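Some notes on the structure that comes next.
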């Protein structure tokens with residue numbers, strides 16, 4: 001290359017052309033198209049540029065106040081770190097002591113002989129979320145409410161850690177995916193029913209969702225029907241209500257039989 | 001003169017062997033989600049397969065082809081042994097280790113995150129580390145290509161850089177820069193969470209960084225095919241390249257316009273402002289310029305060959321072309337697929353029209369037609385052209401080669417045209433099964449069955465391709481004439497500095513990356529509320 005850059009036709013042509021193209025496309029994207037919208041947000045040059053850049057200046061100002069629910073809804077936000085904390089060491093021991101009050105229904109070692117949930121080996125995140133919901137009233141139970149009313153948040157965490165640490169019962173061999181009913185393995189895509197197994201075990205697990213294997217039959221069926229009727233509503237985004245409502249009676253029976261190991 | 005035949009063959013063979021395995025996964029996926037097969041009881045198997053197929057076909061296979069071809073070009077075009085041969089082997093082994101590290105956890109079901117990563121989904125760290133190793137291994141090649149050109153330029157001051165090497169280094173630098181986006185995403189967003197050092201991830205920022213890589217990677221895949229268009233086909237069919245300068249300008253423009261356009265993959269994403277989407281849409285349209293320049297130049301070069309062979313008339317010369325020559329056939333089939341694929345791409349790049357096909361099967365159909373069709377058929381062609389020079393043995397099965405190329409073309413059309421159609425009907429992509437018994441989904445079922453048949457033809461074609469190459473290794477020894485690239489009608493004697501080096505174009509590439517990506521990236525970094533908890537797959541609840 002010889003001579004100053006600005007006299008070089010290759011430099012001037014390529015850089016100048018690219019710059020003009022950039023100016024043109026910025027004008028189209030940030031000024032022309034936004035101002036062609038008949039929308040109060042895009043009135044004025046600064047407004048249209050800011051909106052096009054993804055920095056709206058007045059959206060929140062126009063938003064109406066959030067609607068408050070007439071019934072109690074779950075306030076638990078589960079993240080992978082919700083249960084981490086400075087007091088997580090020794091939680092199992094403290095939880096074991098607290099759990100003495102739970103044994104009459106949930107069994108000595110978390111395995112229920114009555115129609116209450118088996119808690120041994122259940123995910124801590126799931127137990128914690130349900131306990132918090134019982135406490136707040138988002139999940140209604142005349143039996144559970146008095147038991148959790150006086151517990152601190154740390155107590156709930158300790159209880160969850162304790163039950164999660166107990167050994168899970170062995171699943172029968174019949175509970176593989178090949179023999180699972182369709183609703184468990186594949187769901188029903190056209191009715192917006194995802195496979196039960198994609199959250200509740202066998203396919204994958206999700207945070208805050210219970211492992212359902214070997215739960216008592218009556219308990220599972222009652223809960224599914226409560227979701228379908230809308231009398232249980234502590235599923236945060238109404239996902240279980242929407243699923244259960246779209247399930248047929250046969251599908252409810254089949255999925256319950258599968259998870260209870262055919263009891 | 002090719003000095004490091006083993007190195008080049010090792011790259012090509014690893015690429016084609018992995019391709020041979022991954023294509024089986026692709027056809028299996030097509031079959032599984034067609035009405036010919038019942039619903040998978042464990043849908044995760046499907047997502048494992050998608051992750052492996054995409055990782056091999058998108059990252060490992062084209063990278064190895066570009067690397068092997070790049071080493072070949074460096075020695076054949078510059079006429080000097082490769083500088084940094086040991087480094088080249090080190091990069092190669094890094095890619096092997098990376099591929100194994102990535103594919104094993106995928107097969108175990110620990111990383112069904114699909115090859116586009118999809119944060120906040122997080123899988124086992126080994127997968128991401130494997131992908132990083134593949135990228136780092138390929139960066140060794142990027143550096144070596146730059147160094148080899150530098151060494152040659154010092155020994156030949158002022159001499160015109162051979163076109164093949166100019167284009168090859170353009171492709172290498174393009175990859176070096178475009179891979180930075182995904183590398184930043186992996187190193188600063190995904191891996192800290194996968195390794196347990198961080199508990200939240202900025203999903204929007206991760207997606208923007210990935211889009212930095214996501215579109216320019218397509219032009220990196222495309223470079224070997226375009227180099228074959230310009231520097232192999234005209235020579236192979238007995239013609240001359242119509243214009244050397246036009247070729248250089250095309251490669252330079254790819255370097256400039258491949259980068260600042262990736263946000264067209266994020267048209268439906270809320271975290272990027274609409275203005276940037278329009279800007280990226282307009283810049284995407286600019287890619288038509290080097291593409292059409294290439295179509296024009298190559299058609300003109302082919303016409304020269306035809307007229308040299310006695311072709312006459314306005315279009316009559318087409319008959320005089322050497323259609324029996326695999327390079328001619330591959331070029332023609334590639335252009336047809338490029339034409340259809342490019343036309344479909346106009347829909348994808350348009351901010352408004354994209355919404356009709358966004359995340360439908362149209363998109364998968366589109367990139368299979370462009371990459372699997374127009375580009376990969378040229379990978380076949382260049383392998384056929386290079387093989388005798390690498391093995392010193394004759395490539396005799398021309399009939400088999402013809403069958404292979406035609407079968408690939410027809411298979412790709414039968415695969416992708418119904419695939420586009422299914423997308424127009426609204427069929428979403430990336431699902432393991434569809435309820436074809438539902439009213440209104442019958443037509444989608446028919447089109448997926450057609451695609452499955454097309455895919456089967458591709459599997460047969462791939463088997464033929466590998467057969468031709470394997471047979472060559474035991475064919476009669478020949479002494480091939482020294483390898484040459486196409487000669488231009490007017491061979492460059494002295495070139496303007498802008499066409500004899502890449503500095504100007506690299507500068508523009510980086511400047512446009514800053515103007516088109518700078519603000520969205522900074523804005524997302526400054527948005528801490530964009531950080532969300534990860535969703536772990538295949539392990540922790």
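Per residue and in Å³, how big is the convex hull formed by the alpha-carbon atoms of the protein assembly as shown?
Value for the protein assembly as shown: 195 Å³ per residue.
Under the rule a/c < 1.5 gives rounded, and otherwise a/b versus b/c splits prolate from oblate, where does the range B:483-541 land using the Cα gyration tensor?
Verdict is oblate for the range B:483-541.
Once you have the alpha carbon radius of gyration of the range B:352-448, what is it after dividing by 2.2 N^0.38 Å, with N set to its residue count?
1.45
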- Compactness of the range B:5-536, expressed as Rg and Dmax over alpha-carbon positions, Å: 22.7, 71
- What whole number of Å gives the distance from the Cα centroid of the range B:192-269 to the Cα centroid of the range A:177-247? 44
- Computed E for residue B:198/residue B:97 - FRET, C-beta separation, R0 35 angstrom, nearest 0.05: 0.85
- Once both label points are put 7 Å beyond Cα along the C-beta direction, the residue B:87-residue B:37 separation in nm becomes 4.4
- Considering only the protein assembly as shown, what is the antiparallel percent among its DSSP beta bridges, to the nearest 5? 65
- The relative contact order of chain A, taking Cα pairs under 8 Å that sit 6 or more residues apart, comes to a percentage of 16
- Task: Jot down the per residue volume, in cubic angstrom and as a whole number, of the convex hull over the alpha-carbon atoms of the range B:26-137.
- Result: 106
- Query: So what is the 222 nm mean residue ellipticity for chain B from helices alone, if each DSSP H run of at least 4 adds -39500 (n - 2.57) and you divide by all residues, rounding to the nearest 500 deg cm²/dmol?
  - Reply: -22000 deg cm²/dmol
- Task: Give the relative contact order (percent, whole number) for chain B; include only Cα pairs under 8 Å separated by 6+ residues.
- Result: 21
- Message: Could you check the spin-label model distance between residue B:489 and residue B:446? Points 7 Å from the Cα along Cα→Cβ, value in nm.
- Response: 4.9
- Cβ-derived FRET efficiency at R0 30 Å, residue B:453 paired with residue B:358, nearest 0.05: 0.65
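For each of B:1, A:240, count neighbouring Cβ atoms within 10 Å of the residue's Cβ, then give the residues from fewest to most. Before the final figure, lay out the partial values.
Numbers: B:1 10, A:240 20.
The order, fewest Cβ neighbours first, is B:1, A:240.
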- Task: Partner chain Cβ atoms within 10 Å, averaged over the residues of B:431-444 - can you pull that number for me?
- Result: 2
- Full-extension gain in nm, residue B:188 to residue B:155, via 0.36 nm per residue minus C-alpha separation: 7.8 nm
- Item | Calculated FRET efficiency for the pair residue B:324/residue B:479, C-beta based, R₀ 22 Å, to 0.05 | 0.40
- Relative contact order in percent for the range A:86-165 (Cα pairs under 8 Å, 6+ apart) equals 45
- Query: With the Cα gyration tensor of the range A:149-200 giving a ≥ b ≥ c as the square roots of its eigenvalues, does the rule (a/c under 1.5 for rounded; else a/b larger than b/c for prolate; else oblate) give rounded, prolate or oblate?
  - Reply: oblate
- Note on the structure: To the nearest 10 degrees, the tilt of helix B:61-78 (Cα long axis) against the first principal axis of the alpha carbons of chain B is 20
- Message: I'd like the orientation of helix B:398-424 relative to chain B: the angle between its Cα long axis and the longest Cα principal axis, in ° from 0 to 90, rounded to 10.
- Response: 30
- Item | Amide N of the range A:233-250 lying under 18 Å from the label point, which is placed 7 angstrom from the Cα of residue A:145 along Cα→Cβ | A:233-235
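Using the number of other C-beta atoms within 10 angstrom as an exposure proxy, rank A:177, A:108 with the fewest first.
Listed from fewest to most nearby Cβ atoms, that is A:108, A:177.
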- Item | Relative packing of peptides B:489-501, B:508-520 - highest average C-beta neighbours within 10 Å first | B:508-520, B:489-501
- Task: Report, to the nearest 10°, how far helix A:153-165 tilts away from the longest principal axis of the Cα atoms in chain A, using its own Cα long axis and a range of 0 to 90°.
- Result: 70
- Item | Structure-based [θ]222 nm, chain A - -39500 (n - 2.57) summed over DSSP H runs of at least 4, per residue, nearest 500 | -12500 deg cm²/dmol
- Query: Per-residue mean of other chain beta-carbon atoms within 10 angstrom of the beta-carbon, peptide A:22-29?
  - Reply: 6
- Message: Could you give me D for the range B:126-203, from Stokes-Einstein at 10 °C and 1.306 mPa s, where the hydrodynamic radius is the Kirkwood radius over C-alpha pairs? Units µm² s⁻¹, please.
- Response: 109
- Convex hull over the alpha-carbon atoms of the range A:86-165: what's its volume per residue in Å³? 86
- According to the square roots a ≥ b ≥ c of the eigenvalues of the Cα gyration tensor, what is the shape class of the range B:392-530, taking rounded for a/c under 1.5, prolate for a/b larger than b/c otherwise, and oblate for the remainder? oblate
- Please order B:312, B:153 by the number of other Cβ within 10 Å, starting at the fewest. B:312, B:153
- Return the distance in nm (one decimal) between the two label points of a simple spin-label model at residue B:467 and residue A:103, each offset 7 Å from Cα along Cα→Cβ. 7.4
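Values quoted throughout were computed directly from the atomic coordinates according to the rules given, and no laboratory measurement underlies them. Note that the structure is a prediction, hence the values are computed from the model and not measured. All Cβ positions, glycine included, derive from the backbone under ideal geometry; neighbour counts span all protein chains shown.
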